[in-house]
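Everything below concerns the one structure shown next.
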Amino acid sequence: MQGTCRLFTNARIFDGSGRAPFPGEVLVEKNRVAAVTDSASRINRPDAEVVDCGGRTLMPGLVEAHAHLSWPSSVGRIFNTMTLPPEEHLLVTARNAKVTLDAGFTSAYSAGSLGPRFEIALRDEINGGWLPGPRLRASSLERLPDGALGLKAETGTQHPRGPDAMRAYVRDMAKAGVDSIKFLLSSDDAFKPNGSQTLTYTEEEVAAIADEARNCGVWLACHAQAADAVKLAVKHGFRIVYHCSYADEEALDMLEAKKDQIFVAPAIGLMYTRTSEAESFGVTRSGPGNLGAAVHLERMQALYPKMRKRGIRVLPGGDYGFPYNPIGTNARDLEWFVKLLGYTATETLVAATKLGGELMGREPLGQVKPGYLADLLVVDGDPAADIRLLQDQEKLLMVMKDGNIHKRKQPVN
Ligand SMILES: [Zn+2]
C-alpha cells in the first residue's frame, strides 16, 4: 500500500547531496518525492496532508551498507550465540528488520545471511508490505572454500573447488533469488591467527565467480583484508569490498581508478566495540574472536582518511548483531566516521544517504530530490552539527519508507 499525498512544511532540508541544510517544503506523492522548494517559494497542493516539521531537519533515510539482519542480537534483546533453531532464527531475523527501520535505516545492503533463504523470504515479505523493514538487498550465506558461515548443520559444508563449481554455486544462488553473493576472499584474524593474510580462492576461481555473476545479473560482495584480496575484488568487479584493512597503495590506486563502480565499507563499529566495549561480554582483547581487532582499528584509522581524500565511496554501517554491537545501534557507525576516520559530519551523512542510495542501486534513492523514492526522516536538531543525534530514538521524530510513515512521534503531526 502506498502513501497518500503529503506536504512537509517548515522543514530544514538536508537533501543528501552535501548542500548545506536549507528551509523549505517537500511534497511526497505516492512513494516518491514530487517537489522540493527552498524558502523562496511554496508548494501549492491543497489536497495534500500537511506535516508541519516546525523547523526540524528533514533528510533522506539512512542506508546500512553491511547489514546482517540474521545476526541475532538487537537493542534490549541480547543472544549470547549466533546459532538458533531455524524457526526461531527466522523470526528473530524478521524482528531485526523492524528494529533496523525503527532506528532510521530505511535501506539495508546485506553482507551475508545465516540462513540460506532467510533474506530472500524476508525481502519479499517486506516488499509486499506484509512485514515492516528496510529495503533489503538479500544475500547468500557467507562463503569460504571449506564451508559457509552460518547454520552449518543444515546447509552442509559442500563447496567443491574449481571454476566450474564456482559457476554452479553462483547460478544456484541467483536462481534462489539473492541480490548479492558474499565471498570471503581472505580469511580473518578473528577466525585464525594471521587469517587476514590468507587468501581463500584462486584467481581462476574468482574470475569464474565474477563472470557467472555478470551472466546471472547478481552482485558480488566480499570480505577482504589482505591487500591481494582487495585487488582481486577490484579487478574482477565486486560491487562492494568490506574491511580492506591491509590495502596498500596499489590497492588504493585500483580502488580509485574504479571509484564510480565500486563501494567500500570498513565496518568500523565492530572493531571499535570489540576493542573498547566487548570486555563485559567476555571478549578479551586477545581472546578468540578478537585476534587483531585493535590492530585492524588502528590500520583503518590510517587507511580510510586516504580513501576519503581519493574520493572512494566509503560507507558507514557494519556487522551489527553481536551482543556488544546490537542491531539498532547502527547509527553509531556514523559517529566513528567523524571521530576515528577523519570525515566531517556532513561527509558522513552524504555517505550514509546519497552514496548508500547509489549502493542500493536500481532506483533513485538516498536524496531529497524530485523523482527519488520517498525514504525520509524528521530529526529534532541538526545531525550535521551533532551526528550523535541520529542515535537518539527520542530525536528521531518520523521515519517514512516508500511514502509510508512507519513511525511518527509528537510534535510532528
Ligand atoms: Zn560482516
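Taking the stated definitions as given, is Thr353 over 17 Å from Gly318 (Cα atoms) and not hydrophobic (A, V, I, L, M, F, W, C)?
Numbers: over 17 Å from Gly318 (Cα atoms): no; not hydrophobic (A, V, I, L, M, F, W, C): yes.
No, not satisfied.
Would you check which residues across segment 129-140 are outside any loop (DSSP other than H, G, I, E, B) and open to solvent by less than 10 Å² (accessible area, probe 1.4 Å) and list them? Outline the logic, then answer.
So in segment 129-140, the residues outside any loop (DSSP other than H, G, I, E, B) come out as 135-137, 139-140.
Across segment 129-140, the qualifying residues are Leu136, Ser139, Ser140.
Inside segment 48-91, can you point out the residues that are in a loop (DSSP other than H, G, I, E, B) and open to solvent by less than 30 Å² (accessible area, probe 1.4 Å)?
Filtering segment 48-91 down to residues in a loop (DSSP other than H, G, I, E, B) leaves 48, 53-56, 61, 68-73, 75-76, 78-85.
Across segment 48-91, the qualifying residues are Ala48, Cys53, Gly61, His68, Leu69, Ser70, Trp71, Pro72, Ser73, Leu84.
State which residue pairs qualify: first residue in a loop (DSSP other than H, G, I, E, B) and inside segment 28-47, second residue open to solvent by 90 Å² or more (accessible area, probe 1.4 Å) in any location, beta carbons under 8 Å apart, and separation of 6 or more residues or different chains.
Going by the 8 Å Cβ cut-off, the qualifying pairs are Lys30/Gln2; Asn31/Gln2.
Does segment 162-221 hold any residues that are basic (Lys, Arg) and over 30 Å from Thr275 (Cβ atoms), and which are they?
Once the filter is applied, which keeps residues that are basic (Lys, Arg) and over 30 Å from Thr275 (Cβ atoms), segment 162-221 yields Arg167, Arg171, Lys175, Arg214.
For segment 270-287, how many residues are assigned to a helix (DSSP H, G or I) and at pLDDT 80 or above?
Residues that pass the stated criteria total 7.
Residues that are part of a helix (DSSP H, G or I) and either open to solvent by 10 Å² or more (accessible area, probe 1.4 Å) or within 26 Å of Leu69 (Cβ to Cβ) (or both): does segment 316-325 have at least one? Let's see the steps before the verdict.
Within segment 316-325, the subset part of a helix (DSSP H, G or I) is none.
The answer is no; no qualifying residue exists.
Does segment 254-267 contain any residue that is part of a loop (DSSP other than H, G, I, E, B), within 24 Å of Val178 (Cβ to Cβ) and within 14 Å of the ligand (Cβ to nearest atom)?
Among the residues of segment 254-267, at least one is part of a loop (DSSP other than H, G, I, E, B), within 24 Å of Val178 (Cβ to Cβ) and within 14 Å of the ligand (Cβ to nearest atom), which makes the answer yes.
Would you check which residues across segment 92-115 are over 12 Å from Ala331 (Cα atoms) and assigned to a loop (DSSP other than H, G, I, E, B) and list them?
Ala111, Gly112, Ser113, Leu114, Gly115
Residue-wise test of (1) in a loop (DSSP other than H, G, I, E, B); (2) open to solvent by 10 Å² or more (accessible area, probe 1.4 Å).
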| site | (1), (2) |
| --- | --- |
| His296 | no, no |
| Tyr304 | no, no |
| Asn330 | yes, no |
| Ala352 | no, no |
| Ala385 | yes, yes |
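What pairs come up if the first residue lies in segment 246-268 and is over 18 Å from Glu298 (Cα atoms) and open to solvent by less than 60 Å² (accessible area, probe 1.4 Å), the second is assigned to a loop (DSSP other than H, G, I, E, B) and more than 16 Å from the ligand (Cβ to nearest atom), and their beta carbons are under 6 Å apart, counting only those six or more places apart or on different chains?
What qualifies is Leu255/Ile312; Phe263/Arg313.
The values are calculated or read from the model by the stated rules, or taken from the named source; none is laboratory data. Only a predicted model underlies this, so the values are computations on that prediction, with no experimental measurement involved. For neighbour counting, all protein chains shown are included, and Cβ atoms are generated from backbone atoms with ideal geometry for every residue, glycine included. Protein only, heavy atoms only, side chains kept; ligands, DNA and RNA dropped before computing areas. Shrake-Rupley method; radii C 1.70, N 1.55, O 1.52, S 1.80 Å.
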